[in-house]
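The values are calculated or read from the model by the stated rules, or taken from the named source; none is laboratory data. Quantities reported herein were computed from a predicted structural model and do not represent experimental measurements. Glycine gets a Cβ as well: all are built from the backbone with ideal geometry, and neighbour counts include every protein chain shown. Ligands, DNA and RNA are stripped out before the accessible areas are found, and what is left, the full protein with its side chains, is counted by its heavy atoms. Shrake-Rupley method; radii C 1.70, N 1.55, O 1.52, S 1.80 Å.
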Amino acid sequence: MDEAPLLIVDAANVVGSRPDGWWRDRAGATARLRDSLTRVAPVGLPQLPPPVEVVLVVEGAARDVPAVPGVGVIAARGSGDDAIVDLVEATPQRRRVVVTADRELRERVTERGAEVYGPRWLREGVPGPDRAGRG
């Protein structure tokens, strides 16, 4: 596995893991999360050394959040969970790390060889003052 590890972030789950008013502006909360993730690619995260390819999977009201340099965005056509599983299956040669607290999704991706960490791991590991979308 020579390629950079692939960090796949379940945007809806990570954004929804903190009761900070995200429900009033799902797209805005997702954009803040995306922006905080731009610092991850060059420096990595605990247990995930750099460089890292970061992909944010979005759905529902956040589907129109665009990619930015350093963070790719996949807009799920249907279920965000299914899009994450599809991405894990499409990249078997790479180290894949999925960030979610969704139990069913955790099982589905670990069965396919991905590692899983929860939203807290991401929030605490993202460098900078507004770590993981807390801006």
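In this structure, does Glu59 turn out to be open to solvent by 80 Å² or more (accessible area, probe 1.4 Å) and out of contact with any Asp or Glu (no Cβ under 7 Å at 6 or more places or on another chain)? In short, no.
Table: residues versus (1) assigned to a helix (DSSP H, G or I); (2) touching a residue at least 40 places away in the same chain (Cβ under 8 Å).
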| site | (1), (2) |
| --- | --- |
| Val14 | yes, yes |
| Ala27 | yes, no |
| Leu33 | yes, yes |
| Pro51 | no, yes |
| Val54 | no, yes |
| Ala61 | yes, no |
| Gly78 | no, no |
| Val85 | yes, no |
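For Val54, the conditions (1) open to solvent by 50 Å² or more (accessible area, probe 1.4 Å); (2) in contact with a helix residue (DSSP H, G or I) (Cβ under 7 Å, 6 or more places away or on another chain); (3) under 21 Å from Gly125 (Cα atoms); (4) modelled with pLDDT of 95 or more are fulfilled apart from (1).
For the structure I just gave you, tell me whether Arg77 is within 19 Å of Ala12 (Cβ to Cβ) and either buried (at least 17 other Cβ atoms within 10 Å of the Cβ) or among the β-branched types (Val, Ile, Thr) (or both). It is false that Arg77 is within 19 Å of Ala12 (Cβ to Cβ) and either buried (at least 17 other Cβ atoms within 10 Å of the Cβ) or among the β-branched types (Val, Ile, Thr) (or both). Filtered by the rule that a residue be among the aliphatic types (A, V, I, L, M) and either crowded, with 19+ Cβ neighbours inside 10 Å or without any contact (Cβ under 8 Å) to a residue 60 or more places away in the chain (or both), region 88-109 gives Val88, Ala90, Val97, Val98, Val99, Leu105, Val109.
Of all residues in region 24-37 being closer than 20 Å to Gly118 by Cα and open to solvent by 50 Å² or more (accessible area, probe 1.4 Å), which is farthest from the chain's Cα centre (by Cα)? Per the stated criteria, the residue is Arg26.
Just for region 98-135: of the residues that are of a type in the set (A, V, I, L, M) and under 12 Å from the mean Cα position of the chain (by Cα), which one is modelled with the lowest pLDDT? So that I can check it myself, show each step before the final result.
Just the residues of region 98-135 that are of a type in the set (A, V, I, L, M), to begin with: 98-99, 101, 105, 109, 114, 116, 122, 126, 132.
Filter once more, keeping what is under 12 Å from the mean Cα position of the chain (by Cα): 98-99, 101, 116, 122, 126, 132.
Details: Val98: 98, Val99: 97, Ala101: 92, Val116: 98, Leu122: 94, Val126: 89, Ala132: 55.
Among those residues, the one meeting the criterion is Ala132.
Note on region 40-49: residues that are in contact (Cβ under 8 Å) with a residue 40 or more places away in the chain and open to solvent by less than 70 Å² (accessible area, probe 1.4 Å) amount to 4.
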